[in-house]
Every structure is written in C-alpha cells, then in structure tokens.
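Please read the structure below before turning to the comments.
The values are calculated or read from the model by the stated rules, or taken from the named source; none is laboratory data. The shown structure was predicted, so the numbers you read here are calculated from the model rather than taken from an experiment. Heads up, the Cβs are rebuilt from the backbone with ideal geometry, glycines too, and the neighbour counts pull from every protein chain shown.
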Amino acid sequence: MQHKLRSALSVLGIVCGVTAVLTMLSLGEGARQTVIRQIEQLGISNIYLKAAAMTEDQKIKAGEKLSEGLNLKDRDRIRAGCPYIKDIACLKEITASVFGTPKDISPQIAAVSANYLNLLNLCVSQGRFIADQDIAERNLICVLGSSIAGNSGFNAGIGKHIRIENLMFKVVGILDRFDRKTGQSAVISVRNYNEMILIPLGTDQALQQFGEKAMSQMMPELTEIIAQINKPAQVLSAGEIIKRIVNVSHHHAEDYRMMIPRELLRQSQKTQRTFNIFLGSVAGISLLIGGIGIMNIMLATVSERRKEIGIRRAVGARRRDIVIQFLTEAVMLTFTGGVFGVVTGLAAVRLISAFAGWNMAITFSALILPLLMSVSVGIFFGLYPARQAANTDPIRALRYE
C-alpha cells in the first residue's frame, strides 16, 4: 500500500495473464460445444453415405468401373450385410421449380423415405409425415419446413396444394422449427429443414420428365443414405463393414464419401486439445512474466524492509513467520491480479463474442482455474523472496539504514 503504483504495475502482468487464460478457455469450450451440437443434430449413432461431387473425368472413370452411384440396391445390401444396422433411410435431392413462393425463399426439394423423420430426430408440428403407403403408391404429397409454411406470402397450409414443376402436391404435414446449430465456426454441414420441401421417395421420377430429365440420367439414384447403428460403440466397426460393402458394389469407384459423426467428434476433440494446449501455453507466458514482476517487487520490498525484519526477529519472530508474512503478501498481490483478470476476462469474452461472432462459453472451471493459477504464481515466485527475508541476519538488519 506504500507503493501503490509499483504494486499496480506488478499486478498488471497477472491481470493480463489471467485475462488471456480465461479468454482462451472460453473460446475452446465454445468451439467444443458448437461441434457437439452439430454432431448431435446429425445423430451420434448414424453413418452417412453421400454421393460425391465429381468432375467430368471422375464421372467417366466411375462409368468405366460400371458404378451406378448410390442407389436403393446399396441400401438393401447394407441392411443385409451389416449386423449392427438398426434402421436405414434414404434421401434424393431434386432440382425443380416451385411456383408461388416469394422471391426471398428458395426451397430445397428432397425425396425421402418414411423413416427419415426418426433417424434425424425431426418433429412434425402439424399433420403427419410421409408414410410407407405414400411411397408404395407414389402419392403426390409433401411436408413443408416451418419457414416455408409460416411465410405470409406463401399460402400453403395442411390440405392445400403447391405446384412443383407441372405437378400439384398436397400438403399433409409441417415440420416443427429446426434449430440449426451452425455458424462461422461450423465444421459440419447441417441441412436447413426449415426451408425444405420433402416428398415421398419415388415421386421424384415423375418430376424428371419435366425440368431435369436430361440431368437425371447423369445423377445417382440417391443423394444420401443414412444408417442408424444399434449402439454408439458399434459405429466404427459398422463403418468399416459398410465401406467394404459399398466398395464392392461400386467396383471401388470413388463416387461416394462416408461421414461418421462420432469419428468427426473424436477427431475434433483431439484437434481441440492440441489447440487448447497451444493457447494455454501462450497464456501461461503472460502469467510467467507477471510472476517475474511479482518476484522483482518482492525482492525490492525485502531489501527496503530489512530493519523491520530485524525488529520482528529480535522480539521473537521465527524464520517461518517471516516466510509466511512475505509469502502472504505475494499471494495477495497475485490473487488481487487474478480477481481483476477474471473481471477483464469476462468483459473480453463478451466483446469478442459480440463483435467477432464467435461462440464462447464461460464455465465454472474457466473462472476458478485462472484464480488458482494466479495464487500458484504468487506462491512460486514469492517463495524465494520470502526465504531471502527469513535468512536475513537480525543483528545486521537492525543496523541497516
């Protein structure tokens, strides 16, 4: 308290270090939660097979290998050949014109199987979803996303019809609002079901004679196959079996890609740990510099207060008492810096989240760990000056001026 400016400048290093640690922990936790939410939307027990976007040369090579791309035969082979399959669904993306929609809406059309709703954990807010009978009879019905159905400029409720190309599809259901967990840091593409129109698998063939007949001859029968596995622990084993089945079926043509959300989660967590270690090291350097500043001020304090130390020793203070006294002062300095660092760290997290748009999460450990680190720095860097004070000769200290 007698040297407020000197103490404040020494504490400043601790404040910067704690702020950096708290910010880095919040950034890492926010990224981790974002990835987990994205993967949970895809399904932690699901395996995705997607038709690959190929160049003309790749299409020619795939044709030479007599590969038909993803198709319903692949679905049946996977169901029969993999013992871990719980359920399997299909999707076919369709390029077609929807008439009557406002200019600000560009709905994506997809033909899906009846079990697609359950595998993707979607919900219907009104009406019903596509049934197996609709697929068998190729009924011209559709299910709308919430944004399309709720748009005031597009009057399409339950029982009404919408025109896709030259066909009229009856609206039988509306999906519940889908909270799409994506952002600037998204590592996984999640479909925006709020702006989708789902029709029964097979009815897409009726649309091919209009807008995309020529194009459909070059497109695979399916865009996506989703396999749901019985248990999350079986996902990686099932992935290997499915990959062998499809490779044999496609004659090893690279016209598809496999995505396993559980494996993506494992790889993301491994990358995140490396990222956190790197950021933690950078933040630790700030604390190290702050600790050196604390040691510097404490050594100066010991030198200035030698007479006080001599008086204390003369009236009965033990070396341990002197060590505790100066160590406590060092810890108080670093703890004070830790408290201010937490406050500035919280402010930094809010500012970064607001201006950069990054998802940052503040956890209890992110608040406590920097404080514990600041106290540890005080103990580590304050111990040497405290021992120097305790080893001071009382007689010489009393004669010190």
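A few points about this structure:
- Of the residues making up region 229-282, those that are of a type in the set (D, E, K, R), under 16 Å from Lys50 (Cα atoms) and outside any helix (DSSP H, G or I) are Glu254, Asp255, Arg257.
- Qualifying residue in region 107-120 (condition: surrounded by fewer than 20 Cβ atoms within 10 Å (Cβ to Cβ), within 22 Å of Gln38 (Cα to Cα), within 31 Å of the chain's Cα centre (by Cα) and modelled with pLDDT of 90 or more): yes
- Members of region 130-151 found to be touching a helix residue (DSSP H, G or I) at 6+ places or on another chain (Cβ under 8 Å), free of Cβ contacts under 8 Å to residues at least 60 places away in the same chain and of a type outside the set (Val, Ile, Thr), listed by number: Gly145, Ser146, Ser147
- Residue within region 5-27 that is part of a loop (DSSP other than H, G, I, E, B), among the hydroxyl-bearing types (Ser, Thr, Tyr) and surrounded by fewer than 21 Cβ atoms within 10 Å (Cβ to Cβ) present: no
- Entirely in region 299-392, the helices (runs of 4 or more DSSP H) that have 2 or more residues that are modelled with pLDDT of 85 or more: 319-356, 364-390
- Scanning region 139-149 turns up no residue that is under 24 Å from Ile225 (Cβ atoms), in a loop (DSSP other than H, G, I, E, B) and at pLDDT below 85.
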